[in-house]
Amino acid sequence: MNVLVIGGGGREHALVKTLSRSKHTKNIHAVPGNSSMTKYAAVHSGIQDSDIEYIVELTKQENISWAVVGPEAPLNAGVADALEAAGVKVFGPRKLEAQLESSKAFAKDIMLKYGIPTAEYQAFTNLIDASDYVKEQGAPIVIKKDGLAAGKGVAVAMTETEALDALKEMFAEGENNPVVIEEFLEGEEFSLMVLVNGEYTLPFDIVAQDHKRAFDGDTGPNTGGMGAYAPVTHIGEDVIEEAINNIVKPMATAMVREGLDYFGVMYLGAIITKDGVKTIEFNARFGDPEAQVLLGLLESDFIDVLEAVRKKEPYKLEFSTDSMLGVILASNGYPQAYEKGASVIIPQKLEDAVFNSGLKHVQDDRYETAGGRVMLVTGRGSTLEEAKQIAYKNTEQIEFNNESLFYRNDIGERGV
Ligand code: AMP
Ligand code: GLY
């Protein structure tokens, strides 16, 4: 069959590779895709991932059986709705259900109503009330912009001043989007991917750990993620079970009770607090860079998996016992302003270890940066230690100017 991947980053690069391993796939298309996918897929560069008209027409012309939506923006734009209406099987929730990610108020209201563990919160639409609330609650406290912010609209404020500054900054951008103020939760975080169809849930057996802060030692601003690894062997099965039973399954059931029909990945950002596992956030898609390492270890045929989820059939996911670890190389300045167009050389032998999230191919092994996070350099080994060593060895072989790119040196440190 022919399949379509929507999106053009590292996660979609991983999805394309994963689909290429399926015995069912013939042609793979990617919109817009990226230049590193051409080995596996027909890449429709220059097309927006939310260009519904183009995408629907393409599925007709190319006889697409399954479409997999990578990023949150096309979900929020209703790409899944349109494909479903056109009779294409689409993995990714409709706009209504994708609010689980796009609207913090939507997600929080359901969690509150159904007793799903998460941080206490309040939403504000003006600076004065929000500031009063911060002064009343004190620090540490967490300030989040509502709506899609690519993981960057979050300030974890350790002091009241920091919190008030963050509020000023967020409200300076306009008062249309509410700002959410949350209780600060403390503990170790992990990312759990669960394939959901209504009340049916198929959790990944292994979880990943992302590194949200820009710099070593979990310092600096929040980013979309600076590196990830899987499995996280120091997080026990009991903890993962708790997350599934107390958070993910109740959320799937709650959505159904609310008259919703969720079909796609539910990404749980979880935190292990002294009062048990709690929800940091839900996303309506695979994590990026978590998908690159998790799907890299998935041995099941991905189309078989999607069909099982569609039919709500029991399925046993198979994962390699290896570990995989990836390091993000990002443009200097990211997650704030950064420059594009810096030169990068990726030795040909590393092609399979690199996931392209913001690189334009120039020629042979030469690339140019075209985004904030530009690539994930991975390593794989029988232990996390080995995967980490290989990932960093690979990273050192990428040629670039230190003034244009940076990366964290401590990815996976918690796990080794
Ligand atoms: P989010 O975009 O909601 O996933 O937040 C990004 C990161 O901010 C999370 O991965 C956490 O590290 C941190 N964070 C978010 N909410 C909280 C919270 N309530 N307490 C502590 N840290 C948080
Ligand atoms: N890596 C975090 C995310 O995808 O939201």
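The values are calculated or read from the model by the stated rules, or taken from the named source; none is laboratory data. The structure displayed is predicted, hence computed values, not measured ones. A quick note on method: Cβ atoms are made from the backbone with ideal geometry, for glycine too, and the neighbour counts reach across all protein chains shown. Just so you know, the surface numbers come from the protein's heavy atoms only, side chains and all, with ligands and any DNA or RNA stripped out. Shrake-Rupley method; radii C 1.70, N 1.55, O 1.52, S 1.80 Å.
For the reader, a short list of remarks on this structure follows.
- Scanning segment 256-275 for residues that are hydrophobic (A, V, I, L, M, F, W, C) and assigned to a helix (DSSP H, G or I) returns a single hit, VAL256.
- Condition met for SER300 (touching a helix residue (DSSP H, G or I) at 6+ places or on another chain (Cβ under 6 Å), away from ligand 2 (no atom under 16 Å from the Cβ) and within 30 Å of ALA391 (Cα to Cα)): no
- Tally of residues being farther than 27 Å from LEU384 by Cβ and either modelled with pLDDT of 95 or more or touching a His at 6+ places or on another chain (Cβ under 9 Å) (or both) across segment 316-336: 3
- The set of residues from segment 180-196 being in contact with a Lys or Arg (Cβ under 9 Å, 6 or more places away or on another chain), in a strand (DSSP E or B) and within 13 Å of ligand 1 (Cβ to nearest atom) comprises VAL180, ILE181, GLU182, GLU188, GLU189.
- Residue count, segment 107-129 (criterion: touching a helix residue (DSSP H, G or I) at 6+ places or on another chain (Cβ under 8 Å) and either modelled with pLDDT of 95 or more or open to solvent by 40 Å² or more (accessible area, probe 1.4 Å) (or both)): 13
- If you go through segment 370-386 and pick out every residue that is within 15 Å of LEU325 (Cβ to Cβ), assigned to a strand (DSSP E or B) and not hydrophobic (A, V, I, L, M, F, W, C), you end up with 4.
- Scanning segment 203-223 for residues that are surrounded by fewer than 20 Cβ atoms within 10 Å (Cβ to Cβ) and closer than 30 Å to ARG257 by Cβ gives a single hit, ASP205.
- Enumeration of residues in segment 392-413 that are more than 24 Å from ASN222 (Cα to Cα) and touching a Gly at 6+ places or on another chain (Cβ under 9 Å): LYS393, ASN394
- Restricting segment 297-321 to residues that are out of contact with any Phe, Trp or Tyr (no Cβ under 9 Å at 6 or more places or on another chain) and open to solvent by less than 30 Å² (accessible area, probe 1.4 Å), the residue that is nearest to SER191 (Cα to Cα): SER320
- Near pairs, Cβ below 7 angstrom, 6+ apart or cross-chain, from segment 387-416 (part of a loop (DSSP other than H, G, I, E, B)) to any residue that is among the aromatic types (Phe, Trp, Tyr) and modelled with pLDDT of 95 or more: ARG408/PHE215; ILE411/TYR229; GLY412/TYR229; GLY415/TYR229
- GLY8 falls short on exactly one of the conditions (1) under 24 Å from ARG310 (Cβ atoms); (2) within 16 Å of ligand 2 (Cβ to nearest atom); (3) among the small types (Gly, Ala, Ser), and that condition is (1).
- The residues in segment 251-276 that are within 17 Å of the chain's Cα centre (by Cα), open to solvent by 20 Å² or more (accessible area, probe 1.4 Å) and at positive phi can be counted, and the count is 0.
- Hey, ALA98 within 16 Å of ligand 2 (Cβ to nearest atom), of a type in the set (A, V, I, L, M), open to solvent by less than 40 Å² (accessible area, probe 1.4 Å) and more than 30 Å from THR161 (Cα to Cα) or not: yes
- Residue in segment 322-379 that is farthest from the chain's Cα centre (by Cα), counting only those that are farther than 25 Å from ASP410 by Cβ and among the polar types (S, T, N, Q): GLN363
- When the strands (runs of 3 or more DSSP E) confined to segment 197-255 are screened for residues that are more than 24 Å from GLY115 (Cβ to Cβ), those reaching at least 2 such residues are found at 213-215, 219-222, 227-230.
- Residues being in a strand (DSSP E or B) and open to solvent by less than 20 Å² (accessible area, probe 1.4 Å) - total across segment 277-288: 4
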